[in-house]
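Some notes on the structure that comes next.
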Amino acid sequence: MTADPYAATESETTEGRVFTVTGQDWDSLVSGVAEEGEDRVVVNMGPQHPSTHGVLRLILELEGETVTEARCGIGYLHTGIEKNMEYRSWVQGVTFCTRMDYLSPFYNEAAYVFSVERLLGIEDDITEKARVMRVLMMELNRISSHLVCIATGGMEIGALTVMTIGFRERELVLDLFETITGLRMNHAFIRPGGVAQDLPAGALDDITSFIALMKKRLPEYAALCNANPIFKARLDGVGHLDLSGCLALGMTGPVLRSTGYPWDLRRAQPYAGYDEFDFDVCTWDTADAYGRFRVRLDEMWESLRIVEQCVTRLADLEGAPVMVEDKKIAWPSQLAIGQDGMGNSLDHIRHIMGESMEALIHHFKLVTEGFRVPAGQAYVPIESPRGELGAHVVSDGGTRPFRAHFRDPSFTNLQATSVMSEGGQVADVIVAIASIDPVMGGVDR
Amino acid sequence: MTQGGPKGPDAPDDKGLEHTGTQDPSGDSVRETGGEVVGTRQGMFGVRGTGDTSGYGGLTRQVTMPGSSTPPFGGWFDEVAQALQQATADAGFDDAVEGVVVHVGEITFHVKRERLAEVARLLRDSESLRFEVLASLSGVHYPDETNRELHVVLHLLSMTHNRRIRVEVAAPDADPHVPSVVATYPTADWHERETFDFFGVVFDGHPGLTRIEMPDDWPGHPQRKDYPLGGIPVEYKGATVPPPDERRSYN
């Protein structure tokens, strides 16, 4: 028999004996550690581990089953999006930043676009339809993002049914995204000045039937989890972080609201016309993983309420413009997918190629060079599913961002891993991190 | 109506923050003095050297960031500015704030870098300021601003008063040291590590200033303007597209 190439390896280092575990080699590890006769073990978990919620590396110092120190290693998904945005036009920036936090792409786009619009001074010129459509997409996105959080959080503690039903419903939201933007993720749909396209025919009917279905499906989560003794036992009192801890660590979103403090930027500092919508800020008072689960569950109901109001308003806004009037900023044409599968507008092509030289020049200038944004800096924070997401956008008056920095809530909130998990069991580390709901694409950008 | 502006119970009335374009919120009461010159722009359409037939080759424009404002700033900006002035004077360093910029409805306090840690503590603890949360800390590199190349920008949030301010400090490239605010805002830990990683700003007093996003042995600081973006030309159907930082850029 040849040697098993995947067997555990052992090596001696200055720090002590190192075991590399690759699966099915538990016995050799246990006997090796027992031989060593030491209680303290440093476990390097991840970055490729199904329970770390993405490419997150955890360095856990254990005494038996108790975690004495927990540290995060991040950076495995760093893609340099912020640097790349400095080499593209203001409009192209949307295409990049939508890829940061890949579970809530509309929020990345919105945070960036709001900051650009503030620098352009066109915040008040955004049409009503564009504003409502932005809110609609963001709230649908909140539902899909919370579903993934609950689903993967369930999977990580072994509740596989929670995972399957979570992804089942998320698929419905992604179908809506595909109908409206053409893509399931990486939409680049919210653009400076408005949104990329008007709603396609039949989209409102699809959303209405989705709302009706979700009203039947959401109670299933409550029935499955809320009073489930195993689920509660895993989540109750785990990952505790009180209000002062949250403020010191800059925690926002469901983690902050699970302490009972109703801080929601949609209410506290309304943007995008959120003050025109009727919804409640959801809180819980246990400051633990179970509270965060309940906050997310409640927030999906509130998002559904907002989506309903959006549908009502959009029904009255058929044919209304979705881009600002200003032709120096608005994209020159409204494109649709043509017979050839390309984004085209035959009317627009006829206009620029056959009727107006000036329109052709204008189109060319706006698409290649882009518009200029007055020098200055802006920071517009919004309430993403994970907390405060803000884009600090600096312009030097040019056609490209001078600097775009994203304050991503996953990045900030992940710092709480240590305080949430030290002193607890190894298994609770997984629950604590799942309750923060970090998305590594947003953490590393 | 100012979208995104503070609208809480203590927020100033909308009139005070009304703005159009890049005007200051309170209209003529704010007089702009010369802003920071962060660079110059020459020519147009991205053409450099000979071959510029556009006629704009000789055009030279200064790139100026919004300049300092003088009080009254309008709305609650004055309250915060006076409270900060009072607090710094009481603590014995009333020269800590170098300038105040009010632009697009946001207020920025430029603080002397050696006073940053003390000012941060005052901003958090003073009754009338109460900026309990450090929302964000990051860097901006202005290579053409001599002796102030590296800026560190802090976004502070007061949940008590529902207000937001920006605090900015500058450090020369030759001496990239800025005091750490981790002692006041523990959340700054990772933010400062990231700013060190990307810009090379050294935060004095940080408990463990190591790289966070890039590998530990990475040479250089990628977000600095003198660090190239990198990339390779892409060939497609016989044509070659140069990497993004070598394509035509419009100046």
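Rounded to 0.05, the FRET efficiency of the A:LYS328 and B:THR40 pair, given R0 = 25 Å and the Cβ-Cβ distance, is 0.55.
Mean partner shielding of peptide B:128-140, defined as the number of other chain Cβ atoms within 10 Å of each residue Cβ, is 5. The HN-Hα couplings worked out from phi for segment B:158-170 by the Karplus form 6.51 cos²θ - 1.76 cosθ + 1.60 (θ = phi - 60°) are 9, 6, 4, 9, 6, 9, 10, 10, 10, 10, 10, 10, 10 Hz, whole numbers, x standing for Gly and Pro. Of all aspartates and glutamates in the structure, the ones whose alpha carbon falls short of 17 Å from that of A:LYS83, not counting any fewer than 8 places away in one chain, are A:ASP101, A:GLU109, A:ASP396, A:ASP408, A:ASP444, B:GLU194, B:ASP197, B:GLU213, B:ASP226, B:ASP245, B:GLU246. Placing +1 on the Cβ of every Lys and Arg and -1 on the Cβ of every Asp and Glu, with nothing else charged, gives the protein assembly as shown a dipole about its Cα centre of roughly 1640 debye. Springs between Cα atoms under 10 Å define the GNM used for chain A, and in it the highest mean-square fluctuation of A:LEU60, A:LEU247, A:LEU218 occurs at A:LEU247. Listed values for segment A:132-146 are Karplus-derived 3J(HN,Hα) couplings in whole Hz (6.51 cos²θ - 1.76 cosθ + 1.60, θ = phi - 60°), namely 5, 5, 4, 4, 4, 5, 5, 6, 4, 5, 4, 4, 5, 5, 5, and x replaces Gly and Pro. Cross-link pairs exceeding 28 Å in C-alpha to C-alpha distance, out of A:LYS328/B:LYS237; A:LYS129/A:LYS327; A:LYS129/A:LYS328, comprise A:LYS328/B:LYS237. Cross-link reach is defined here as a Cα-Cα straight distance under 25 Å, omitting same-chain residues fewer than 8 places apart; for B:LYS112 the lysines meeting it are B:LYS225.
Could you work out the mean projected area of the convex hull around the alpha carbons of segment B:67-204, in square nanometres to one decimal? The number I arrive at for segment B:67-204 is 7.9 nm². Only the Cβ atoms of Lys and Arg (+1) and of Asp and Glu (-1) were treated as charged; on that basis the dipole of segment B:67-204 about its Cα centre amounts to roughly 360 debye.
Placing unit charges on the Cβ atoms of the charged side chains and taking the dipole of the protein assembly as shown about its Cα centre, the candidate lying farthest along the positive direction among A:HIS351, A:LEU183, B:VAL140 is A:HIS351. Taking the C-alpha atoms only, the angle from helix A:426-436 to the longest principal axis of chain A is near 10 degrees. Between amide H atoms placed 1.01 Å from N, distances below 5 Å from B:GLU98 occur with B:HIS110, B:VAL111, B:LYS112, all of them 5 or more places distant or on a separate chain. Could you tally the net charge around A:LEU389, taking each other residue with its Cβ under 11 Å from the Cβ of A:LEU389, Lys/Arg +1 and Asp/Glu -1? Value of the local net charge: -3. Under 5 Å from the amide H of A:GLY397 lie the amide H atoms of A:VAL373, A:ALA375, A:GLY376, each residue being 5 or more positions distant or on a separate chain, with H modelled from the backbone and absent for Pro and chain starts.
Amide H contacts under 5 Å for A:THR68: A:GLU61, A:LEU62, A:GLU63, A:GLY423, restricted to partners 5 or more places along the chain or on a different chain, H placed in the peptide plane at 1.01 Å from N.
Calculate the length of the line joining the C-alpha centroid of segment B:171-201 to that of segment A:85-110, in whole Å. Value for the Cα centre distance between the two parts: 26 Å.
Per-residue Karplus couplings for segment A:162-172, computed as 6.51 cos²θ - 1.76 cosθ + 1.60 with θ equal to phi - 60°, are listed in order as 4, 5, 5, 6, x, 6, 4, 6, 4, 4, 5 Hz, Gly and Pro entered as x.
Exposure proxy for A:LEU119, A:LEU77: other Cβ atoms within 10 Å of each Cβ, ordered fewest to most, give A:LEU77, A:LEU119. Remark: spin-label model distance A:SER209-A:ASN344 equals 3.1 nm, labels positioned 7 Å along the Cα→Cβ axis.
A short reminder: the numbers here are calculations on the coordinates, not readings from a lab. In this text the structure is predicted, and so the values were computed from the model without any measurement. Positions of Cβ are generated from backbone atoms using ideal geometry, with glycine treated the same way; all protein chains shown enter the neighbour counts.
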